[in-house]
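Remarks on the structure that follows.
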Amino acid sequence: MRTRNLNALRMFDAAARHLNFRLAAEELKLTQGAVAQQVRRLEAELGEVFFHRKARGLALTDIGRSYHAPVRRALAIIDEATRTLRPETARVTLSVTPSFAAKWLVPRLSRFEAAHPEIDLRTVASERIADFQPDGVDIAIRHGQPPFERGTHGTLLAPLDLCAVCSPGYAQSAAPIDRFEDFAAHRLIQDSHTFWETLFEHSGATARHRFMQFNQTSLAMDAAANGQGVALAPRLLVADEIASGKLVLLWRDAGPDRSGYHIVHPIAAKPNPARNAVIAWILSEAGGTDDGHPPR
């Protein structure tokens, strides 16, 4: 007897589990007619009837039930052998702000892929705070301060550590800065966090020029790199461009950090090795450390 067509056996298995050709077709991403036709062909080749066709679905015949059990076991063995040979790629969805994605994450993604080819890391860049369950997000990088929402675990990635930066050309031609109040004479660039306004308010000084305003930190940094003035941004985001010489560090906030970047994720009922690997990689790249509590 010749070997049965594997696709036909998979269609028979799906129909036997769902007792419905339509649901079997949806699982296999085929048309209902294609599944029904393959099952009829299998019945004809074997000379047996596997299903009672009813108005509201299917019912297995005794022959169909006895045939399905070993077919199901055989397909499971084949699937397990395939998974062992080529393990399925684990998928992790990471939510970040557009500025964090552009200035920190994207330049490092090739290193992540080299270190973890088995993980499909999907990045969602949005200013909107991700809602873990409905949005299907596994990890979020949050700019703020704990505590975060209940049922989540937060790990400090980096303190805020605000830095005033500008282009090399601007730094050469601008008036010297010996104290924070000296920034009042400069062209200042800020994002939606309005850090310049807050710092001037605390210092009692007043800026002489209107702030150049952007809604994203990355845009403020780009404006500074193009000689438009001085931007204020977290060190985590400007460190690479300072190291490359694209930006020049003029000043760092020596005050206490009340907020920073945190890695936040839901507390899972069982271990999630792929998610934990992503978290460990992010911490390693940023030079951060966990708080001693292993993620779950």
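The values are calculated or read from the model by the stated rules, or taken from the named source; none is laboratory data. All figures in this text were calculated on a predicted structure; none of them were measured in a lab. Note that we place each Cβ from the backbone using ideal geometry, even for glycine, and neighbour counts take in every protein chain shown.
The rows are residues; the columns are (1) among the basic types (Lys, Arg); (2) outside the structural domain of residue 23 (by TED's automatic domain parsing); (3) free of Cβ contacts under 8 Å to residues at least 60 places away in the same chain; (4) on the phi > 0 side of the Ramachandran plot.
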position	(1), (2), (3), (4)
59	no, no, yes, no
67	no, no, yes, no
72	yes, no, yes, no
75	no, no, no, no
100	no, yes, no, no
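Hey, among the residues in segment 199-245 that are at pLDDT 95 or above and of a type in the set (Val, Ile, Thr), which one's nearest to residue 163 (Cα to Cα)? Across segment 199-245, the extreme among qualifying residues is 238. Close Cβ contacts (under 6 Å, 6 or more residues apart or on different chains) running from residues in segment 125-151 that are in contact (Cβ under 8 Å) with a residue 24 or more places away in the chain and closer than 20 Å to residue 92 by Cα to residues that are small (Gly, Ala, Ser) and in a strand (DSSP E or B) comprise 130/95; 130/140; 137/95; 140/95. Is segment 163-178 home to any residue that is in contact with an Asp or Glu (Cβ under 6 Å, 6 or more places away or on another chain) and among the polar types (S, T, N, Q)? For segment 163-178, residues in contact with an Asp or Glu (Cβ under 6 Å, 6 or more places away or on another chain) and among the polar types (S, T, N, Q): absent.
If we keep just the residues of segment 246-266 that are touching a strand residue (DSSP E or B) at 6+ places or on another chain (Cβ under 7 Å) and part of a loop (DSSP other than H, G, I, E, B), which is modelled with the highest pLDDT? My answer is 247.
Per-residue answers, yes or no, for (1) in a loop (DSSP other than H, G, I, E, B); (2) hydroxyl-bearing (Ser, Thr, Tyr); (3) surrounded by fewer than 17 Cβ atoms within 10 Å (Cβ to Cβ):
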position	(1), (2), (3)
172	no, no, yes
175	yes, no, yes
181	no, no, yes
184	no, no, yes
192	yes, yes, yes
196	no, no, no
199	no, no, no
210	yes, no, yes
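In the set (1) modelled with pLDDT of 95 or more; (2) surrounded by fewer than 15 Cβ atoms within 10 Å (Cβ to Cβ), the condition left unmet by residue 88 is number (1).
Selection of segment 174-225 for residues being at positive phi and not β-branched (Val, Ile, Thr) yields only 204.
Counting just the residues of segment 107-128 that are within 25 Å of residue 238 (Cβ to Cβ) and acidic (Asp, Glu), which one comes out modelled with the highest pLDDT? Ranking the qualifying residues of segment 107-128, first place goes to 113. Listed by first and then second residue, the pairs linking a residue in segment 157-175 that is closer than 17 Å to residue 218 by Cβ to a residue that is of a type in the set (Val, Ile, Thr) and part of a loop (DSSP other than H, G, I, E, B), with Cβ atoms under 9 Å apart and 6 or more places separating them unless they lie on different chains, are 164/177. Within segment 1-52, the set of residues being part of a loop (DSSP other than H, G, I, E, B), out of contact with any Lys or Arg (no Cβ under 9 Å at 6 or more places or on another chain) and free of Cβ contacts under 8 Å to residues at least 40 places away in the same chain comprises 1, 2, 3, 29, 30, 31, 47, 48, 49. Filtering segment 116-159 to residues that are surrounded by 14 or more Cβ atoms within 10 Å (Cβ to Cβ) and under 30 Å from residue 84 (Cα atoms) leaves 116, 119, 120, 121, 123, 137, 138, 139.
Would you check if residue 164 is at pLDDT 95 or above and on the phi < 0 side of the Ramachandran plot? Considered against the rule, which asks whether it is at pLDDT 95 or above and on the phi < 0 side of the Ramachandran plot, residue 164 comes out as yes.
Which one is surrounded by the fewest Cβ atoms within 10 Å (Cβ to Cβ), of the residues in segment 13-30 that are of a type in the set (D, E, K, R) and more than 15 Å from residue 61 (Cα to Cα)? Filtering segment 13-30 for residues that are of a type in the set (D, E, K, R) and more than 15 Å from residue 61 (Cα to Cα), the one surrounded by the fewest Cβ atoms within 10 Å (Cβ to Cβ) comes out as 29.
In this structure, does residue 95 turn out to be out of contact with any helix residue (DSSP H, G or I) (no Cβ under 6 Å at 6 or more places or on another chain), without any contact (Cβ under 8 Å) to a residue 40 or more places away in the chain and not assigned by TED's automatic domain parsing to the domain that holds residue 192? Against the criterion (out of contact with any helix residue (DSSP H, G or I) (no Cβ under 6 Å at 6 or more places or on another chain), without any contact (Cβ under 8 Å) to a residue 40 or more places away in the chain and not assigned by TED's automatic domain parsing to the domain that holds residue 192), residue 95 does not qualify.
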